[in-house]
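Notes follow the structure.
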Amino acid sequence: TEFAHIEAIVREVALARADVTLSLFHDNKKRLLLSSSLVETNANNSRLPLPRLEQALGTSLTANAIPISIDLSSLLQADAQSLETSAAISGWLWASYQSQLQMTLPKLLYVNGRLIKEALINNQLRQLAASAQLDGIGYALYFDLPTQWLNVNVHPTKQRIKISPLNNIMAHLGHAI
């Protein structure tokens, strides 16, 4: 049981860095090998190549993947410090029309390369899926945000964070979805 928890964490964390090869052994047996892959430079501009996501999760996701690429630069203030910073969301969405498939779809959120478990974002994504008359939604989303927007000291595990313009960010994401 403990190893299953470790393996799940390694898989989730491995998705933050697709450029790193990771292998996981248990009782001298290789349980996981994630080869490095170049970060995509396509129109989606996702940090995570879809083949790496499929490799890490052990499931086929390419057929139903919806690329997401959202520029949030309009939310940046026009001061000198913000000009050097970018703000964007990239990644993948999967629409679920059958509730039994919902369990297999990933629900991954990364902010500046850190895996987070943010209930507010998850709930809003679930509400967006419901308003689109979907049974559910899967996602692997990468938020690249200025550090001044973030408070990572909300929870000791650093998996929960506070994002100051979260409502504006979610409005952009909701519009794109």
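Ligands, DNA and RNA left out, the accessible area of the chain computed with a 1.4 Å probe is 52% carbon and sulfur. For the stretch 88-177, a Kirkwood radius taken over Cα pairs fed into Stokes-Einstein (25 °C, viscosity 0.890 mPa s) yields D = 180 µm²/s. Available extension along the chain between VAL152 and THR62 is 29.2 nm, counting 0.36 nm per residue and deducting the alpha carbon span. Stretched out straight at 0.36 nm per residue, the stretch from GLN127 to ALA4 would grow longer than its current Cα-Cα span by 41.3 nm.
Averaged over its residues, the stretch 84-177 has an accessible area of 52 Å² per residue, based on protein heavy atoms and a 1.4 Å probe. Here each label is just a point 7 Å from Cα along the line to Cβ, and for ASN28 and SER73 those points are 5.6 nm apart. With point charges of +1 on the Cβ of Lys and Arg and -1 on the Cβ of Asp and Glu, referenced to the Cα centre of the chain, which listed residue (LEU173, PHE25, LEU120) lies farthest in the positive direction of the dipole? With unit charges placed on the Cβ atoms, the residue in question is PHE25. Dipole size of the chain about its Cα centre, with +1 on Lys/Arg Cβ and -1 on Asp/Glu Cβ: approximately 400 debye, rounded to the nearest 20.
Across the alpha-carbon set of the chain, the Rg to Rh ratio works out to 0.97, Rh being the Kirkwood radius.
The values are calculated or read from the model by the stated rules, or taken from the named source; none is laboratory data. It should be emphasised that the depicted structure is a prediction, and the values quoted were computed from it without experimental measurement. Here Cβ is always computed from backbone atoms with ideal geometry, including for glycine, and neighbour counts include all displayed protein chains. Just the protein is used for accessible areas: all its heavy atoms, side chains included, with ligands, DNA and RNA removed. Shrake-Rupley method; radii C 1.70, N 1.55, O 1.52, S 1.80 Å.
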